[in-house]
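Everything on this sheet refers to the single structure shown next.
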Amino acid sequence: MTNGSTAIEDLLRREAPQVLGALVRRFGHFDLAEEATQDALVAASRQWAADSIPEHPRGWLIRVAYRRMVDGLRAESAARRREDQYVLAETLPERSPVSDQDDSLNLLMLCCHSSLSFGSRVALTLRAVGGLTTSEIAHAYGVTEQTMAVRISRAKQRIRKSGARFEATADNDVEERISAVMRVLYLIFNEGYTATAGRSLTRTDLTAEAIRLTRLLHELVPEHVESTGLLALMLLTDSRRASRSTPDGDLIPLAQQDRSRWDHAMIAEGTELARSAWREGSIGAYRLQAAIAALHATAPTPAHTDWQQIAALYLALEHVEPAGPVMLSRIVAVAHAYGTRPALELLDRLDQEHGLLQHPLTRQRAHAIRAHLLDTAGDAADARTDFLAAAELTQNETEIRYLSQRARRRPSDTTKPR
């Protein structure tokens with residue numbers, strides 16, 4: 001692909017949500033608006049060249065999509081005998097008004113509407129705002145393209161049937177809707193950072209898209225400190241990506257990673273964002289996680305990591321978000337800060353209280369953590385059982401290889417859980 005075509009592709013990707021947002025704001029009909037937007041993007045990719053991009057590309061795209069939208073409304077009106085839509089289409093001006101209004105936030109919130117399941121929110125966000133194809137989204141989540149197409153189509157229909165408004169009003173709980181957006185972006189990033197299934201440990205297309213959309217959210221609501229914390233968390237976490245696996249694809253635990261390969265520009269940006277988000281008042285989950293990630297990223301060596309402070313931050317996070325994955329992370333921090341036995345005792349207690357070794361969301365990692373702890377304590381036989389159990393519970397081939405190899409190793413390696 002030439003540099004010119006890449007530049008056009010990047011431009012279209014940036015403008016797509018603006019075009020879609022303008023159509024949804026003007027007409028409603030999310031599904032028809034998305035089809036019209038895609039038609040305009042295809043037309044642009046065929047007609048534009050690197051030296052002939054229109055002076056106002058967004059206006060060009062909106063006008064083309066606008067006409068496609070009018071045609072779509074006419075067709076739907078004829079099919080359903082809904083003359084009111086036909087009249088609406090006919091009374092619109094020949095050239096659509098091109099507004100400087102940024103519709104990205106409203107579009108994000110619409111894709112994350114409360115009437116949709118989390119899976120549908122993720123899929124629709126990646127499709128409508130991220131610009132990923134249905135095939136790309138299906139591949140990322142390990143389903144067929146047809147299955148994903150049905151999921152996206154149903155999400156659009158549900159939005160339409162719910163009567164969801166495009167623009168936030170005084171009656172909307174904007175904070176709740178922004179929280180839903182952040183949750184979706186966080187899930188997209190996590191799936192990319194450690195893929196649920198497949199041969200690769202990571203899906204860089206998903207992590208990059210999550211970071212891009214979170215940057216967009218941060219630009220749209222710069223005063224929202226939790227979105228700042230979320231962006232910081234993603235940057236600090238993703239800064240370690242290049243050192244997480246060998247050239248052959250084998251997993252490298254955090255303590256063994258080559259820190260010179262970490263992206264120090266991302267660390268600097270993420271650390272500054274985390275610092276700027278740490279204001280007075282109640283501290284949310286993303287800012288706490290960003291603070292933890294900053295302690296990891298800025299430690300020059302594993303020995304310099306402030307594990308006691310990390311354990312304390314995880315305890316605070318557990319009060320804010322008492323979820324199994326947070327409890328497991330605190331157990332790891334306690335192991336590094338205070339030793340293997342206290343960590344094993346904490347794991348046993350939390351497992352009794354919350355069923356960490358049985359819950360579908362936590363059981364794989366819980367077995368992996370207990371395996372590392374038992375291995376460090378010299379209990380090789382029980383550690384092997386847990387390593388194999390953890391390997392059985394993941395579909396990521398990189399993790400399977402790592403855990404299976406650990407099950408075959410002697411207890412002389414005292415690497416603590418990752």
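Sequence-ordered 3J(HN,Hα) estimates for the range 357-369 from the Karplus curve with 6.51, -1.76 and 1.60 and θ = phi - 60° stand at 7, 10, 5, x, 6, 10, 5, 5, 6, 4, 5, 5, 5 Hz, glycine and proline given as x. Accessible area per residue for the chain is 48 Å², calculated with a 1.4 Å probe on protein heavy atoms, without ligands, DNA or RNA. Ligands, DNA and RNA left out, the 1.4 Å accessible surface of the chain is 49% carbon and sulfur atoms. Mind pulling the angle between the C-alpha long axis of helix 204-220 and the longest principal axis of the chain? Nearest 10 degrees, somewhere in 0 to 90. Once rounded, the angle reads 70 degrees. Based on C-alpha pairs under 8 angstrom that are at least 6 apart in sequence, the chain has a relative contact order of 10 percent. Taking chymotrypsin sites (Phe, Trp or Tyr not before Pro) across the range 329-408, none is in a DSSP loop with at most 13 further Cβ atoms lying within 10 angstrom of its Cβ.
Counting only protein chain heavy atoms and rolling a 1.4 Å probe, the accessible areas of TRP307, TRP278 rank, largest first, as TRP278, TRP307. Phi angles of the range 124-130 translate, via the Karplus equation with coefficients 6.51, -1.76, 1.60 and θ = phi - 60°, into HN-Hα couplings of 5, 4, 5, 6, 7, 9, x Hz per residue; Gly and Pro are given as x. Close amide H pairs (under 5 Å, H built 1.01 Å from N) link SER245 with ILE252, residues at least 5 positions away or on another chain. For the chain, the Kirkwood hydrodynamic radius comes to 23.6 Å, computed from all pairs of different C-alpha atoms. The string of couplings for the range 186-191 from the Karplus curve (6.51, -1.76, 1.60, θ = phi - 60°) is 5, 5, 4, 4, 4, 5 Hz, one whole number per residue in order, with x for Gly and Pro. At full extension, GLN309 and ASP205 could sit 34.2 nm farther apart than now, given 0.36 nm per residue minus the alpha carbon distance.
The values are calculated or read from the model by the stated rules, or taken from the named source; none is laboratory data. Being a predicted model, the structure only gives us computed values, none of them experimental. Cβ coordinates were reconstructed from backbone atoms using ideal geometry, including for glycine residues, and neighbour counts include every protein chain displayed. Quick note on the areas: whole protein, heavy atoms, side chains included, nothing else; ligands and nucleic acids left out. Shrake-Rupley method; radii C 1.70, N 1.55, O 1.52, S 1.80 Å.
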